[in-house]
């Protein structure tokens, strides 16, 4: 059973529409738009503006104030928060940890997911069973990831430290989550465990849509396995991979729960990423204005990265057509 | 494959070995949580390496349900997630059908905008939400979480459903329109039944995401009575001595339904994404 849906590109008869980006143009378009259609779309648009756009704008405003969690009033301090942040070593340490955590997680998840998908695509027996087993981590709620792994890695009763000690690999039980030398690599491994299934499932779906004839033709032309992979397979799945990587970078970079529940950002600040730093600043130190400034910087950084990533995706799309 | 030479056989075997090892590693935590939740407390602490307990016990489940009142928390989670899912599905089906039928050109750009809202870190929204909830006196209410959850369920649901509604053939709707059906009737009686499986998958996914949410629940709910399971579980860690058996029983109660649901709907989530990327 394949889930392949062949997409036929509809020829554009009318060419690109003239763009009217002015407010007046928008109004005239709204006036001409289907009223019933507007009624369908409007409730969601109101919700998105009210629940996403307005809070983000007010976050930007709070980032310019000294708002505290304990007071209602605040004063505008303009860019003071940002000035404090860029001279703060803790901020930069959280920034670097965020980058390391995101890059390591995504590279690991992508490689493992790709490898699993390629294997699954070729395997016939038990492929259904593998698929079901291999998506299990993805279904774990963050809270259970946190406690489940803490239990498995517990320094006294945990399965893994005890196993390592009894095998003679470690001299005495240590939880890898409490050891500053290993904590980062441990949370990275857990996040790869958690995220690889998503890559696997989506890459597998994309692999199923590749026409088999292309491989046969390549085989006749004497292409070796690597050439087949890079010229046919990779070319067909790179858009899916590109989109997945963008979405997951954003998700992993923003993620708060996983690290908060696994380590709380510790030991010390070994695993304190920007979202955890913002949480500590806002709810630990009650400095909501400063926390807003951190999250605004976080968003600016993500928008910048997404801009670059989408430019790459557009480039590939043009090259494909 | 009809011709089986040693090289392809070796490759197939290597693939199976790799898949088996990774499968075991991926499923191990689930198995270990389940085993621990049925292991008597004494054995949990006596020999951490014994894989199977000498006898299964439900003492941990009793502790969780009777002593910790976990059922109240489960009910809170279910109510909050159901309400969020219902609101999300009503709004998102309307919007997805509306975009596909009435504003097809906007559709592509809208998909990008909705992906962009993915970029808003939950912690970014948490600050203004916290002040809004305080001002509206919504702290410790279900409403605070239902509102906050819409911020991430709605964009994703619209995104998924636009993909599903695009598959409805225009001709069916047009012939219904010729027969005199109103636009609302076409939406309710024609296109929505066709995409019902997609809506079901979206609803399940939305429900699980709300059920699993932690950050907003941690920030907006402090009364034990109103806590969803995630925060209730977290609050147990404040106890002097952590009862790992009970923790694992509670974890099993939360993770098993999620795993079952995810297995059922995973192909829809995958399909939506590849379709979007193929465009």
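The values are calculated or read from the model by the stated rules, or taken from the named source; none is laboratory data. Since the structure is predicted, the reported quantities are computational estimates derived from the model, not experimental observations. Cβ atoms come from the backbone with ideal geometry, glycine included; neighbour counts cover every protein chain shown.
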Every residue from the range B:58-86 that is crowded, with 20+ Cβ neighbours inside 10 Å and within 26 Å of residue A:39 (Cβ to Cβ): B:84, B:85
Test: residue A:180 is touching a residue at least 24 places away in the same chain (Cβ under 8 Å), more than 18 Å from residue B:31 (Cα to Cα) and either facing chain B (nearest Cβ under 7 Å) or more than 23 Å from the chain's Cα centre (by Cα) (or both): yes
Verdict on residue A:215 being over 28 Å from residue B:46 (Cα atoms) and crowded, with 16+ Cβ neighbours inside 10 Å: no
Scan of the range B:166-182 for residues that are within 11 Å of chain A (Cβ to nearest Cβ) and touching a residue at least 60 places away in the same chain (Cβ under 8 Å), ordered by number: B:166
Among the residues listed as A:97, A:87, the single one being more than 12 Å from chain B (Cβ to nearest Cβ) and buried (at least 21 other Cβ atoms within 10 Å of the Cβ): A:97
Filtered residues of the range A:133-147 (kept if within 7 Å of another protein chain (Cβ to nearest Cβ), more than 17 Å from the chain's Cα centre (by Cα) and farther than 8 Å from residue A:197 by Cβ): A:133, A:143, A:144, A:147
Qualifying position, being more than 32 Å from the chain's Cα centre (by Cα), surrounded by fewer than 13 Cβ atoms within 10 Å (Cβ to Cβ), within 13 Å of chain A (Cβ to nearest Cβ) and more than 25 Å from residue A:192 (Cβ to Cβ), among B:46, B:14: B:46
Test: residue in the range A:29-38 that is out of contact with any helix residue (DSSP H, G or I) (no Cβ under 8 Å at 6 or more places or on another chain) and within 11 Å of chain B (Cβ to nearest Cβ): yes
Matching residues, the range A:271-302, being exposed (fewer than 14 other Cβ atoms within 10 Å of the Cβ) and assigned to a helix (DSSP H, G or I): A:284, A:300
Residues of the range A:67-81 that turn out to be surrounded by fewer than 17 Cβ atoms within 10 Å (Cβ to Cβ) and closer than 15 Å to residue A:297 by Cα, as a count: 3
Number of the condition not met by residue A:100 [criteria: (1) over 17 Å from the mean Cα position of the chain (by Cα); (2) farther than 25 Å from residue A:226 by Cα]: (1)
Qualifying position, being modelled with pLDDT of 90 or more and not in a helix (DSSP H, G or I), among B:222, B:191, B:151: B:222
Hey, residue B:23 surrounded by 19 or more Cβ atoms within 10 Å (Cβ to Cβ), closer than 30 Å to residue A:114 by Cβ, in contact with a helix residue (DSSP H, G or I) (Cβ under 8 Å, 6 or more places away or on another chain) and at pLDDT 95 or above or not: yes
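Yes or no, residue by residue, for (1) modelled with pLDDT under 75; (2) under 34 Å from the mean Cα position of the chain (by Cα); (3) not in a loop (DSSP other than H, G, I, E, B):
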| residue | (1), (2), (3) |
| --- | --- |
| A:9 | yes, yes, no |
| A:20 | yes, yes, no |
| A:24 | no, no, yes |
| A:39 | no, yes, yes |
| A:44 | no, yes, yes |
| A:51 | no, yes, yes |
| A:56 | no, yes, yes |
| A:59 | no, yes, yes |
| A:69 | no, yes, no |
Unique residue being more than 27 Å from residue A:137 (Cβ to Cβ), more than 7 Å from chain A (Cβ to nearest Cβ), part of a helix (DSSP H, G or I) and over 24 Å from the mean Cα position of the chain (by Cα) when the list is B:75, B:62: B:62
Candidate set: the range A:133-160, residues that are under 25 Å from residue A:173 (Cβ atoms) and without any contact (Cβ under 8 Å) to a residue 12 or more places away in the chain; chosen: the one surrounded by the fewest Cβ atoms within 10 Å (Cβ to Cβ): A:157
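Table: residues versus (1) more than 9 Å from every other protein chain (Cβ to nearest Cβ); (2) more than 23 Å from residue B:231 (Cα to Cα); (3) outside any loop (DSSP other than H, G, I, E, B).
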position	(1), (2), (3)
B:18	no, yes, yes
B:22	no, yes, yes
B:37	yes, no, yes
B:54	yes, yes, no
B:66	yes, no, yes
Flag for residue B:140 being more than 10 Å from chain A (Cβ to nearest Cβ) and either buried (at least 19 other Cβ atoms within 10 Å of the Cβ) or in contact (Cβ under 8 Å) with a residue 24 or more places away in the chain (or both): yes
